[in-house]
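The values are calculated or read from the model by the stated rules, or taken from the named source; none is laboratory data. Since this is a predicted model, take the numbers as computed values, not measurements. Positions of Cβ are backbone-derived with ideal geometry, glycine not excepted, and every protein chain shown enters the neighbour counts.
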Protein chains: 4
Amino acid sequence: MANTRRPASQRSTSQRSTRKRRADGEESRRRILDAAAEIAGERGYDGTSIGEVSARSGLPASSIYWHFANKDELIAAVIERSFERWLAAVELPGPEVGDAGERVRTMAVGLAKALLDTPDFLRLGLMLALERRPAEPTARTKFLQVRQITRERIAEAIRELTPELPESSVRALTTYAMAGADGLFIAHELDGDDTDLVALFELHARSLSDATARELDTHRSNP
Amino acid sequence: MANTRRPASQRSTSQRSTRKRRADGEESRRRILDAAAEIAGERGYDGTSIGEVSARSGLPASSIYWHFANKDELIAAVIERSFERWLAAVELPGPEVGDAGERVRTMAVGLAKALLDTPDFLRLGLMLALERRPAEPTARTKFLQVRQITRERIAEAIRELTPELPESSVRALTTYAMAGADGLFIAHELDGDDTDLVALFELHARSLSDATARELDTHRSNP
Amino acid sequence: MANTRRPASQRSTSQRSTRKRRADGEESRRRILDAAAEIAGERGYDGTSIGEVSARSGLPASSIYWHFANKDELIAAVIERSFERWLAAVELPGPEVGDAGERVRTMAVGLAKALLDTPDFLRLGLMLALERRPAEPTARTKFLQVRQITRERIAEAIRELTPELPESSVRALTTYAMAGADGLFIAHELDGDDTDLVALFELHARSLSDATARELDTHRSNP
Amino acid sequence: MANTRRPASQRSTSQRSTRKRRADGEESRRRILDAAAEIAGERGYDGTSIGEVSARSGLPASSIYWHFANKDELIAAVIERSFERWLAAVELPGPEVGDAGERVRTMAVGLAKALLDTPDFLRLGLMLALERRPAEPTARTKFLQVRQITRERIAEAIRELTPELPESSVRALTTYAMAGADGLFIAHELDGDDTDLVALFELHARSLSDATARELDTHRSNP
DNA sequence: TATGAATGAGACTTCATTCAT
DNA sequence: AATGAATGAAGTCTCATTCAT
């Protein structure tokens, strides 16, 4: 009842500030995400332990839980940020220059370079995506969503270049386009840096152009 | 009261089936490998726990250690057996029939079918391969070896078909061949069963034939 | 991105209501006590966490520590307020009307109704009281004090009604009176609302009257 | 493998077998239950930590999980064993001797003595029962079941003694009987050992007899 | 050819509390 | 009159592994 207008806890004069000088949430959050991205990119979902994130970020484990509700949300945030960076790294093709094949090749080179710059995104994403655990991690869902969006963009680009193409062909070509990208990325990851990713993406672009042309031919003769 | 001799966390879990009580080493080993393969195919290396393998195989954890030295060797054995099955599933192309393109296409279809039959091999393998942990699991090494052998076979096939091709081209084409296979497998895993893996592998075979031809042309004009 | 300033575990939890942002100490204190009373009444001392109080009150944990020195004092304050409300809910018997038995019955009914109105007080109190932890929480002490005062009042009432009764009998009857109240409350809590608390308290009042009369007889013949 | 046959006189005396000489599951289980019962009887469900059980039983926390699937099952097992012991402690009334009142009194004294002997059962049970947490612990359910059985037995005894009594009266009297027992137990727990539990239970038995007689009268005149 | 029982280390997460602002 | 951010300790539980039998 008698409410003394004072903080309920009494103040001590000893000022041993082992504590951080100034709490900076944004900075801490960033450090946690950096550490988590690093580890998750190396070891996948299960291999990423909060303890290790704590060790690498320099923040105690309990602090991680101030910023992220749980491990699931942390990894999901990693994927999210990773995707944003990857998107930023992709050089969007400039104004429509050259023929269809030329444009496809330009896009392919852009993708290859982005993958070289920000490989964590796809590496972690693929690790997550290949898993089939009963309780699907949020991060996996997030990656699959992003992937779906990417698919849709590719399909749109194909439709724009070859409007006559039937939808089934568009879908097959989209799948093939993405498969090449995924596969070449993996090749580069596994077989080391001597894999010339840019050249191989150009090769893939050429394959796609040719395949598109073939599909178009088939469609025209078998309408 | 009913004190069955299992860890408490596994008591009262309905067993897979009433099992024969006769001790049979080969059978036990098989059951452990089956369980481990199932789990590892779903959850990767870190996600596979001895406890879960014990639960799914119906054998106590200590029995797993009678058959395998440790988790690492268990997963390595999974990869090994998985690879053997995958090899057996690949329909080797019969005696040289048809032209080069035809032969490539036949091989591609064989690969696609094998992947559909025994997908665990590549799924687990890729999960392992994408990881970059400091202490490399034996299973990963094993998978990479197997992969290397496969690469070598593909390269050999290419060399045989087009002996003139310079080694750099052979390597690029090999990488591209494997990349397509990996990527298409992933597409099929992620985008569901409506991805026509066989058709896409045929498409890829065609791309490879064309690319090989192009490389040959380039080489002939720029010797 | 939307970085509301709450611990991550509480973000996106739908707030109880849109709250006025004006700082109002009295109102905040009330909200904290409400939340704490709710939780402590459900889960007892150990089961009441500051985090949960924070979540249910909508105030950050640190704010709770502005109003209360620590968890112990918070729960003590809960007991205190709860007791005040309970006291207010007890309908004090009017001026001496009717015979002794009648008056006892009226008091009993008053108690029963108060228990129905403010059950948290006794529920939490009993939970605390039954514990025997080494470091006795302030709240427990507080409840036991309140209980002792109540005992004293009952004893006083008995002495007033039957001044001849020896102290040992007064004590026994007091204990029995309280025991009945406690026990009937528990019965009502456990066995649901179909327990007619008022009728049972009347039954108990009658038992007490009779027991008192018996004790008196015994005393008169064995002085 | 290397056969370390040695004369007994040369065997090293430092026999640091940190491991238990012989694993004895039954004994360990008992020790864990003893420790858990002790703590749970003192501090309730939430107040019982596996760490403390580990410390008091001398077994590592992980060993506790070999014997019990989780904390919930551990506490449930405590209640179960506790109830068995309590049942064994209750002296069942001998062959029907004396009148109804006499028999009721004998039963009451038996109950009182059992409560004095094995107080943990009811103390923990009541603590659990008073809680209202969303996820009901198994132990609480178990206690409520046991309590229901006890109620049924009391009701049966009342029906046997006074077969004419309508069911509503039987139910009220049963509730009152249990309430007295609960309340007196609490009184004894809180107000110390100077509460003469046996005498108070006899008082309660008398109240019950009288109340039963009254109910019977009421029923006979208002059939 | 197993397996019941155990165990230290470490997993994720919550705890009560602090303090600079 | 608060509160964002942090933190060490402790919470429950799982981990891979061992070993006597």
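Structural remarks
- Test: residue in the range D:145-152 that is within 14 Å of chain C (Cβ to nearest Cβ), of a type in the set (Val, Ile, Thr) and touching a residue at least 12 places away in the same chain (Cβ under 8 Å): yes
- The one condition in (1) surrounded by fewer than 23 Cβ atoms within 10 Å (Cβ to Cβ); (2) within 29 Å of A:LEU144 (Cα to Cα); (3) in contact (Cβ under 8 Å) with a residue 60 or more places away in the chain; (4) not basic (Lys, Arg) that B:ASP194 fails to fulfil: (3)
- Count - residues of the range A:157-168 that are in contact with a Ser or Thr (Cβ under 8 Å, 6 or more places away or on another chain) and more than 16 Å from A:GLY101 (Cβ to Cβ): 0
- Single unsatisfied condition, A:THR18 versus (1) at pLDDT below 95; (2) more than 9 Å from DNA strand F (Cβ to nearest atom); (3) out of contact with any helix residue (DSSP H, G or I) (no Cβ under 7 Å at 6 or more places or on another chain): (2)
- Set C:GLU164, C:GLU202, C:GLU189: member being outside any helix (DSSP H, G or I) and in contact (Cβ under 8 Å) with a residue 24 or more places away in the chain: C:GLU164
To keep it simple, each residue is scored yes or no on (1) closer than 28 Å to B:ALA187 by Cβ; (2) of a type outside the set (Gly, Ala, Ser); (3) assigned by TED's automatic domain parsing to the domain that holds B:ARG29.
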site: B:SER62; (1), (2), (3): no, no, yes
site: B:TRP86; (1), (2), (3): yes, yes, no
site: B:LYS113; (1), (2), (3): yes, yes, no
site: B:LEU124; (1), (2), (3): yes, yes, no
site: B:PRO134; (1), (2), (3): no, yes, no
site: B:THR138; (1), (2), (3): no, yes, no
site: B:ARG151; (1), (2), (3): yes, yes, no
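- Of residues in the range C:21-35 being away from every other protein chain (no Cβ under 14 Å) and modelled with pLDDT of 95 or more, the one farthest from DNA strand F (Cβ to nearest atom): C:ASP34
- Residue list for the range C:36-47, filter: assigned to a loop (DSSP other than H, G, I, E, B) and more than 10 Å from DNA strand E (Cβ to nearest atom): C:GLY44
- Every test in (1) within 14 Å of chain B (Cβ to nearest Cβ); (2) within 16 Å of DNA strand E (Cβ to nearest atom) is passed by D:GLU131 save one, and that test is (1).
- For the range A:198-221, the tally of residues that are crowded, with 21+ Cβ neighbours inside 10 Å and either under 17 Å from A:LEU161 (Cβ atoms) or more than 7 Å from every other protein chain (Cβ to nearest Cβ) (or both) stands at 7.
- Inside the range B:47-67, residues that are touching a residue at least 12 places away in the same chain (Cβ under 8 Å) and under 22 Å from A:ARG43 (Cβ atoms) make up a count of 5.
- Applying the condition of being more than 7 Å from every other protein chain (Cβ to nearest Cβ) and touching a residue at least 24 places away in the same chain (Cβ under 8 Å) to the range C:167-180 and asking which residue is surrounded by the most Cβ atoms within 10 Å (Cβ to Cβ) yields C:ALA177.
- Subset of the range D:108-127 (residues that are charged (D, E, K, R) and more than 14 Å from every other protein chain (Cβ to nearest Cβ)): D:LYS113, D:ASP117
- If you check C:LEU115, C:LEU128 for being in contact with a Lys or Arg (Cβ under 8 Å, 6 or more places away or on another chain) and either assigned to a helix (DSSP H, G or I) or β-branched (Val, Ile, Thr) (or both), only one passes: C:LEU128.
- C:GLY110 vs. criteria out of contact with any Ser or Thr (no Cβ under 9 Å at 6 or more places or on another chain) and not aliphatic (A, V, I, L, M): yes
- Hey, A:GLY98 under 30 Å from A:LEU173 (Cα atoms), outside any helix (DSSP H, G or I) and away from DNA strand F (no atom under 15 Å from the Cβ) or not: yes
- The range C:48-95, subset at pLDDT below 95 and over 13 Å from the mean Cα position of the chain (by Cα), residue farthest from DNA strand E (Cβ to nearest atom): C:PRO95
- Residues of the range D:40-71 that turn out to be near DNA strand F (Cβ under 8 Å from one of its atoms), touching a Lys or Arg at 6+ places or on another chain (Cβ under 8 Å) and at the interface with another protein chain (Cβ under 9 Å from one of its Cβ atoms), as a count: 3
- Selection of first residues in the range A:72-86 that are without any contact (Cβ under 8 Å) to a residue 60 or more places away in the chain and hydrophobic (A, V, I, L, M, F, W, C) and of second residues that are within 16 Å of DNA strand E (Cβ to nearest atom) and part of a helix (DSSP H, G or I), restricted to Cβ pairs under 6 Å at least 6 apart or on distinct chains, gives the following pairs, ordered by first then second residue: A:LEU74/A:ALA36.
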